[in-house]
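Have a look at the structure below, then the notes.
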Amino acid sequence: MKRIYIAVLSFVLLLVLTICDREEVSSTAMPEITIHMDGKVIQSQTLSREVGIELDDESALFQAQMKDSAASIPYVKLGETIHIDFDDKAPDTYEVKDYILDDEGRLKYDERMAKPLNIEFADRKATFKLESNLAAFLSSNSKDYEPGATIRGFHLTGKWADQTKDILFVVRTDAK
């Protein structure tokens, strides 16, 4: 219970610092990012931080996002392409991780089960095809294998010059 309070407090503190940081660095504003699939926008959460500062708890961020958008988590069929559009410029470097989440947005499996993804960049656009995640097959609950029952959280970390931006989004899909 104490860990949840610390995670929520850390998230709120990170949010406050992010808002304050945005006001100070208006001259180096980070690009807007849109995530979509077949013309439908996928709601995302974006956090800015300084290079070298690490996130403490991704699970708390996914939980907060799912709480805000639980009714609107889009279904994406395996094999479909997800598009990430950067309005201004693509990141200099990036990393994308794919997590299996429970219904509350918590990581269903240990951080070590996060699957790194390769995405293709062309100008200011990135794409990746949604493939199955092997961790989705670890569940012993038969309901997890029903259509649309797998909740996946994606965390894209992009680095531009002296800033790092974390983009998180959640989709529903099938285990297989």
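The values are calculated or read from the model by the stated rules, or taken from the named source; none is laboratory data. Note that the structure is predicted; figures quoted are calculated from it, not measured. Counting neighbours? That spans all protein chains shown, and the Cβs are built from the backbone with ideal geometry, glycine included. For accessibility, only protein heavy atoms count, side chains too; no ligands or nucleic acids. Shrake-Rupley method; radii C 1.70, N 1.55, O 1.52, S 1.80 Å.
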Legend entry - Candidate lysines for bridging to residue 108, where Cα separation is under 25 Å - those fewer than 8 sequence places away on the same chain excluded: 2, 67, 77, 97, 129, 143, 165, 176
Inset, instruction - At q = 0.19 Å⁻¹, work out log10 I(q)/I(0) for region 76-140 with the Debye formula, treating every Cα as an identical point scatterer and leaving solvent out; two decimals please. - result: -0.85
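With all protein chains present, how much of the accessible area of region 72-176 (probe radius 1.4 Å) comes from carbon and sulfur, to the nearest whole percent? Let's see the in-between values first.
Details: 2540 of 5400 Å².
Taking all protein chains in place, region 72-176 shows 47 percent carbon and sulfur surface.
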Inset, instruction - Starting from the Cα gyration tensor of region 40-176, multiply each eigenvalue by 5, take the square root, and state the resulting semi-axes largest first in whole Å. - result: 25, 17, 14
Inset, instruction - Compute the accessible area per residue over region 36-154, keeping the other protein chains in place, probe 1.4 Å, unit Å². - result: 58
Legend entry - Full-extension gain in nm, residue 34 to residue 97, via 0.36 nm per residue minus C-alpha separation: 20.9 nm
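Which FRET efficiency value, to the nearest 0.05, is calculated for residue 124 and residue 145 with the Förster distance at 45 angstrom and r the Cβ-Cβ distance? Please report the intermediate quantities before stating the final value.
On the way: r = 37 Å, r/R0 = 0.83.
Efficiency for this residue pair is about 0.75.
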